[in-house]
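Student: This structure is in structure tokens; I'll ask about it shortly.
The values are calculated or read from the model by the stated rules, or taken from the named source; none is laboratory data. Small disclaimer: the values here were computed from a predicted structure and weren't measured. Glycine gets a Cβ as well: all are built from the backbone with ideal geometry, and neighbour counts include every protein chain shown.
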Amino acid sequence: MTRIPCILQYTCGGTNQQWQWIATGGHYQLKARHSCKCLDIVNASTADGADIQQYTCGGGTNQQWTRSQS
């Protein structure tokens with residue numbers, strides 16, 4: 001039997017792929033439309049490559065984001 005690799009692609013444009021930028025006084029929270037949870041750095045880590053998750057929105061610095069132009 002030959003095994004063929006497969007990539008599963010979910011439908012694009014769903015609410016699970018939509019985020020709202022919420023201004024919080026100089027920073028932003030990123031809130032997921034489907035879950036109403038915010039993008040959050042796990043354990044408020046400051047290490048490069050830290051894990052991120054969706055978590056209940058709060059006022060912590062681990063949920064504050066800035067926009068920048070590259």
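Student: Need pairs with beta-carbon distance below 6 Å; first residue closer than 17 Å to Thr56 by Cβ and of a type in the set (Lys, Arg) and within region 20-45, second at pLDDT 95 or above and outside any loop (DSSP other than H, G, I, E, B); sequence gap 6+ or separate chains.
Tutor: These pairs meet every condition: Lys31/Gln20; Lys31/Ile22; Lys31/Cys38; Lys37/Gln54; Lys37/Tyr55.
Student: Which condition number in (1) surrounded by 11 or more Cβ atoms within 10 Å (Cβ to Cβ); (2) assigned to a loop (DSSP other than H, G, I, E, B); (3) of a type outside the set (Phe, Trp, Tyr) is the one that Ser68 fails?
Tutor: For Ser68, the failing item is (1).
Student: Additional query: Just to be sure I understand, how many residues within region 9-49 are assigned to a helix (DSSP H, G or I) and either within 13 Å of Gln64 (Cβ to Cβ) or not hydrophobic (A, V, I, L, M, F, W, C) (or both)?
Tutor: From region 9-49, those assigned to a helix (DSSP H, G or I) are 15-17, 42-44; that's our starting set.
With either within 13 Å of Gln64 (Cβ to Cβ) or not hydrophobic (A, V, I, L, M, F, W, C) (or both) added as a condition, the list becomes 15-17, 43-44.
The qualifying residues number 5.
Student: Scanning region 42-64 for residues that are hydrophobic (A, V, I, L, M, F, W, C) and under 18 Å from Gln17 (Cα atoms), which turns out surrounded by the fewest Cβ atoms within 10 Å (Cβ to Cβ)?
Tutor: Step one: list which residues in region 42-64 are hydrophobic (A, V, I, L, M, F, W, C), which gives 42, 44, 47, 50, 52, 57.
Next, from what is left, pick out any that are under 18 Å from Gln17 (Cα atoms): 52, 57.
Working: Ile52: 13, Cys57: 18.
The extreme case among them is Ile52.
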